[in-house]
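The block underneath contains the structure these notes are about, expressed in structure tokens.
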Amino acid sequence: MARKRYMQRFAKWHIWLGWLVGFPILMWMATGLFMAAKPIEEVRGNHLRIAQEEQPLVLPGSALASEDFPIKEMRAVMQDGRAVAILTGMDGSVRRVDMESGAALPALTANDARRIASEQIRGGDAVRSVTGFAADDVPFDFRRAMPVWQVALEDGTHVYVGRDSGQIEAVRTRWWRGFDFMWGLHIMDLQTREKTSHPILIIFAALGLIGALLGCILMFRKRKARVTSNG
């Protein structure tokens, strides 16, 4: 009898819990299906943009943005106490130039990357290894086509320092890599972990929405009391 009372109580709690979480689950499923229905590029209106021919940035009389090295973008930053221009060429290549003298600055060495991590990252002096990667062979947790130094710390953090930019381009903790894996599962894209709209995700989102909707409808059904006979 005691077991039966507990089971009835659990069933009652289950019904009330269903009322509490049923509608949020239905909302999550419906909004998830809506967001997965269209690629994010179309949501942002990128498909409406008319492609324009890129024009190089040329400053007459300037040694930074000259016709000899047509650039797409120029950023001015302070590095090691001096003004540095980070130039991105039309071909995507990056180089640094001292803004005062106009002299090109060399690419970072492994020791430079180690020093930057030590100065700009908490715990960055506990280095396990420093590894260089070419633009076409970067680790999966970086996923950007640019040459970098990976400074691996003892706690599992990966600090990525741009070889040509001289800056920290990304910091990947163990938690970030776990989050990235879960994100891939969430959007059902473990290969690139970037596609938020594809047939498999849309199909399962639709099935989940139907299941949640049916569950909410079933909570309105009337429960008939069982009739027990003594004979």
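The values are calculated or read from the model by the stated rules, or taken from the named source; none is laboratory data. Small disclaimer: the values here were computed from a predicted structure and weren't measured. Cβ sites come from the backbone with ideal geometry, for glycine too, and all protein chains shown count toward neighbours. For the accessible areas, the whole protein counts, side chains as well, though only heavy atoms, and no ligand, DNA or RNA atoms are used. Shrake-Rupley method; radii C 1.70, N 1.55, O 1.52, S 1.80 Å.
Per the conditions (1) polar (S, T, N, Q); (2) closer than 24 Å to residue 179 by Cα; (3) in contact (Cβ under 8 Å) with a residue 60 or more places away in the chain, the sole criterion not satisfied by residue 93 is (2). A residue that is in a loop (DSSP other than H, G, I, E, B) and of a type in the set (A, V, I, L, M, F, W, C) can be found somewhere in segment 146-155.
Here is a check on your reading of the model: is residue 171 open to solvent by 50 Å² or more (accessible area, probe 1.4 Å) and assigned to a strand (DSSP E or B)? Working first, answer last.
Values: open to solvent by 50 Å² or more (accessible area, probe 1.4 Å): yes; assigned to a strand (DSSP E or B): yes.
Judged against the criteria, residue 171 is a match.
Residue count for segment 6-43 satisfying the condition of being over 20 Å from residue 199 (Cα atoms) and of a type in the set (D, E, K, R): 2. The set of residues from segment 127-164 being open to solvent by less than 40 Å² (accessible area, probe 1.4 Å), under 21 Å from the mean Cα position of the chain (by Cα) and not aliphatic (A, V, I, L, M) comprises 139, 141, 142, 147, 150, 156, 157, 158, 160, 162.
It is to be established whether one or more residues within segment 110-123 are open to solvent by 50 Å² or more (accessible area, probe 1.4 Å), farther than 11 Å from residue 163 by Cα and either in contact with a Pro (Cβ under 7 Å, 6 or more places away or on another chain) or not in a helix (DSSP H, G or I) (or both).
Step one: list which residues in segment 110-123 are open to solvent by 50 Å² or more (accessible area, probe 1.4 Å), which gives 111, 114-115, 118-120, 122.
With farther than 11 Å from residue 163 by Cα added as a condition, the list becomes 111, 114-115, 118-120, 122.
From what is left, the residues that are either in contact with a Pro (Cβ under 7 Å, 6 or more places away or on another chain) or not in a helix (DSSP H, G or I) (or both) are 122.
Yes: segment 110-123 contains one or more residues that are open to solvent by 50 Å² or more (accessible area, probe 1.4 Å), farther than 11 Å from residue 163 by Cα and either in contact with a Pro (Cβ under 7 Å, 6 or more places away or on another chain) or not in a helix (DSSP H, G or I) (or both).
The requirement of being touching a strand residue (DSSP E or B) at 6+ places or on another chain (Cβ under 6 Å), without any contact (Cβ under 8 Å) to a residue 60 or more places away in the chain, open to solvent by 40 Å² or more (accessible area, probe 1.4 Å) and not charged (D, E, K, R) is not satisfied by residue 203. Looking only at segment 207-221, residues that are exposed (fewer than 14 other Cβ atoms within 10 Å of the Cβ) and at pLDDT below 85 come to 5 in all.
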